[in-house]
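Asker: Dropping the structure in here first, questions after.
Just so you know, all these numbers are worked out from the coordinates, no wet-lab data involved. In this text, all values refer to a predicted model and were calculated from it rather than measured experimentally. Every residue, glycine as well, gets a Cβ built from its backbone with ideal geometry; the counts of neighbours run over all protein chains shown.
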Amino acid sequence: MNILVCIKQVPDTTEIKIDPVTNTLIRSGVPSIVNPYDAYALEAAVRLKEEHGGCITVLSMGPEQAGAALRNCLAVGADKAFLLSDRAFSGSDTLATSFILSESVRYLESKIGIFSLILCGRQAIDGDTAQVGPEMAEHLERSQLTCAFDLSLEHGGVVAKRENEDGYDRIFCDLPAVVTVIRISGEVRLPSVRSRMAANKAVIETISAESLRIDTLRCGLKGSPTRVKKTFTPVRTKTGVIIHGTNAETAAKKLAVFLDSEKLI
Ligand SMILES: Cc1cc2nc3c(=O)[nH]c(=O)nc-3n(C[C@H](O)[C@H](O)[C@H](O)COP(=O)(O)OP(=O)(O)OC[C@H]3O[C@@H](n4cnc5c(N)ncnc54)[C@H](O)[C@@H]3O)c2cc1C
């Protein structure tokens, strides 16, 4: 089975800082990692490969440095890696990103065969929109399953769990499909020294806009209808109230009086 995992290199923090002047993300001084949900997607792919055989390709769109994230993926079980990097791609919003990734899927499939499964993380921890996976499914006109974990191959399709309020559903989806992945059960494997050394020597092919023969009007800023009008950090106007009491009972009584005075109960 041919599996593609889309991975994004993200800052190693959930506290994204925005440049107030340019409205862009401040990336300097923050180490980069493979987006954690993408690491789960890759682990899910490696487990499927261990059980059923096949080939895992990882694909990332980003600057040259994103090659390091791809090498991490090669070190934990991916077989091939491709980096989409071109000035024409910079400034892409989710629509342009998913379009470029989908065109790359077509490009890669013409060379290495159809991807029965395309796995994405549920969301990137920097952009946080969770739109790219579902948009790719739309561009490619493939079935989609979102927020999935613990994937298995059954009856010619993919079965995955998806959380609900009472536990989880088991959902079947025809192949080929695009699946977005949340935290899976068990640990994500770590690279060995040997696999890391092999990954460091691997050749990562860079794919340009020209090699995709893509419509560049649909890429980068030109292809991005999202406009960031303003970004700001909300100002805290209220601080918390600590209710003291000699024991839990007196504290609870004081809390009830306070909530009543604030007309909250
Ligand atoms: C308001 C706003 C402002 C932004 N400002 C900036 C900015 O200043 N600078 C900047 O660089 N970006 C910026 N972005 C982010 C940029 O739009 C996103 O990087 C891109 O569109 C992907 O969206 P996302 O990060 O929300 O991905 P999500 O939809 O949350 O990602 C879901 C999954 O899609 C896949 N995926 C997503 N992106 C990639 C990728 N590049 N390569 C491979 N797989 C991928 C991964 O599997 C990921 O887990 C901004 C986004 C928004 C909404």
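Asker: Among 206, 239, 146, which one shows the biggest mean-square fluctuation in a GNM of the chain, springs joining Cα atoms closer than 10 Å?
Answerer: Result for the chain, Cα springs under 10 Å: 239 fluctuates most.
Asker: Between residue 111 and residue 243, with labels modelled 7 Å along Cα→Cβ, what's the label distance in nm to one decimal, could you check?
Answerer: In this crude spin-label approximation the distance works out to 6.4 nm.
Asker: Another question about this same structure. At each listed q (0.09, 0.12, 0.18, 0.21 Å⁻¹), what is the log10 of I(q)/I(0) that the Debye formula gives for the stretch 24-142 modelled as equal alpha-carbon point scatterers?
Answerer: With no solvent term, the Cα-only Debye profile gives -0.24, -0.43, -1.03, -1.47.
Asker: ³J(HN,Hα) across the stretch 108-121 via Karplus (A = 6.51, B = -1.76, C = 1.60, θ = phi - 60°), whole Hz, x for Gly/Pro?
Answerer: Rounded to whole hertz, the list is 5, 5, 5, 9, 10, x, 5, 8, 5, 10, 10, 10, 10, x.
Asker: Now, a different point. Taking θ as phi - 60°, what are the ³J(HN,Hα) couplings along the stretch 74-79 by the Karplus curve (6.51, -1.76, 1.60), each to the nearest whole Hz, with x for Gly and Pro?
Answerer: Residue by residue, the stretch 74-79 yields 4, 6, 10, x, 6, 9 Hz.
Asker: Additional query: If amide H atoms are built 1.01 Å from N in the plane of the peptide, which residues on other chains or at least 5 residues away come under 5 Å of the amide H of residue 180?
Answerer: Long-range HN contacts for residue 180: 120, 145, 146, 147, 148.
Asker: Could you compute the FRET efficiency for residue 197 and residue 65, with r as their C-beta to C-beta distance and R0 at 22 Å, rounded to 0.05?
Answerer: Efficiency, rounded to the nearest 0.05: 0.65.
Asker: Using modelled backbone amide H atoms (1.01 Å from N, in-plane), which distant-in-sequence or interchain residues come within less than 5 Å of residue 207's amide H?
Answerer: 83, 84, 85
Asker: Here is a follow-up. Which far-off residues, 5 or more places away or on another chain, put their amide H under 5 Å from the one on residue 33, with H placed in the peptide plane?
Answerer: Hits under the 5 Å cutoff: 10, 12.
Asker: Let me ask something else about it. Which pairs in the list 49/80; 8/229; 80/111; 238/263; 80/161 are over 21 Å apart, alpha-carbon to alpha-carbon?
Answerer: Where the Cα-Cα span goes over 21 Å, the pairs concerned are 8/229; 80/161.
Asker: Which three semi-axes in whole Å describe the equivalent ellipsoid of the stretch 149-227, each the square root of 5 times a Cα gyration tensor eigenvalue, listed largest first?
Answerer: Semi-axes (√(5λ), whole Å): 32, 25, 15.
Asker: Pairing the Cα long axis of helix 248-261 with the longest principal axis of the chain, what angle in degrees results, from 0 to 90 and rounded to the nearest 10?
Answerer: Taking the Cα atoms of the chain, the angle to 248-261 is about 90 degrees.
Asker: What share of Cα pairs, in percent, lie more than 22 angstrom apart in the chain?
Answerer: I get 61 percent for the Cα pairs in the chain exceeding 22 Å.
Asker: Could you give each residue of the stretch 240-247 its phi-based ³J(HN,Hα) in whole Hz, using Karplus coefficients 6.51, -1.76, 1.60 with θ = phi - 60°, and x for Gly or Pro?
Answerer: Ordered by residue, 3J(HN,Hα) equals x, 10, 9, 9, 9, x, 5, 8 Hz.
Asker: Now for a different question. Just to be sure I understand: with springs between alpha-carbon atoms less than 10 Å apart, which residue in 141, 165, 249 has the highest mean-square fluctuation in the Gaussian network model of the chain?
Answerer: Among 141, 165, 249, the largest GNM mean-square fluctuation belongs to 249.
Asker: Sticking with this structure for a sec: Roughly what % antiparallel, to the nearest 5, for the DSSP beta bridges in the chain?
Answerer: For the chain, the DSSP antiparallel bridge percentage is about 40.
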